[in-house]
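This report refers to the structure that appears directly beneath it.
Only the coordinates and a few stated rules stand behind these numbers; no lab work does. Treat the numbers as computed from the prediction; the structure is a model and nothing was measured. Quick reminder, even Gly has a Cβ in these numbers, built from the backbone with ideal geometry, and neighbours come from all protein chains shown.
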């Protein structure tokens, strides 16, 4: 047999067959095959580490895509914060200034977003730090937007209130320009037409034909309808709220009743010459917080600049009242 080995025995002067035990045979096989096994294991480790499976490749692509998306979200958050900076600046420097509003509390704009434990559930995930920083920025942006929303809600309410206030401030003439004659009795010290003494005239006299329409100069409620034989004669007092009242005196007739709600420009009466009056005209007064003021500053909504200048000149050049 070709695999049979012999060994020379010097004592018997003959060759004897060498017998190898099974264990030694196994050991020899292992010794011969060990390098191949080791090399195979090394190659297997190298290839399994460097060559991903299809599933691992897919996971790697998804992780890369997620990382890119998170970075894009952070860029969007940064851009949105810049837009909010502009909105906040307009809020503080323009809107609040125009509405005479107080500054929005800074502590509300700087509300916290919770401690680090809030994001502990992200630990152990791939891109954990990127996920945490993105979550923090989203929460901060959400707080800023909520604070700005509160600020705008406050400003909207203020704007509505201001609009209501503006509607209640006298701002038009009680008689249309086309219905007026040239003579206007101004506010201030004037000659009394009856007593011929110098006295304070607390309103403006608009001369017009008897029966000329008289209009409310602002929104309000009819507070009083007076009928006197002397003084103001037939007159209407409208309470506009916010400290404003107006009086329309020497009327011929009333077109409203006490307690009636009135809108600016609504017909309320007709020009007459009742009470202490020397001829058909309307005596018009503006009262602010209980004090009678010059009505000349309350005609800004229905006159051009030229008409307003002319009205001032006519009222100032009048030395005599009509009542």
Listed highest first by mean packing, meaning other Cβ atoms within 10 Å per residue, what order do 250-256, 117-123, 276-282 come in? 276-282, 250-256, 117-123
Extent of the stretch 177-316 along each principal axis, from alpha carbon coordinates, in Å, largest to smallest? 38, 37, 30
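In what order do 70, 267 fall by count of nearby beta-carbon atoms within 10 Å, going from fewest to most? Numbers along the way, then the final one.
On the way: 70 16, 267 12.
Ranked by crowding around the Cβ, least crowded first: 267, 70.
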How big is the stretch 197-275 along each principal axis, measuring the range of its Cα positions in Å and listing the largest first? 37, 27, 20
Provide, for q = 0.10, 0.12, 0.16, 0.20 Å⁻¹, the log10 of I(q)/I(0) from a solvent-free Debye sum over equal Cα point scatterers in the stretch 62-167. -0.42, -0.55, -0.79, -1.02
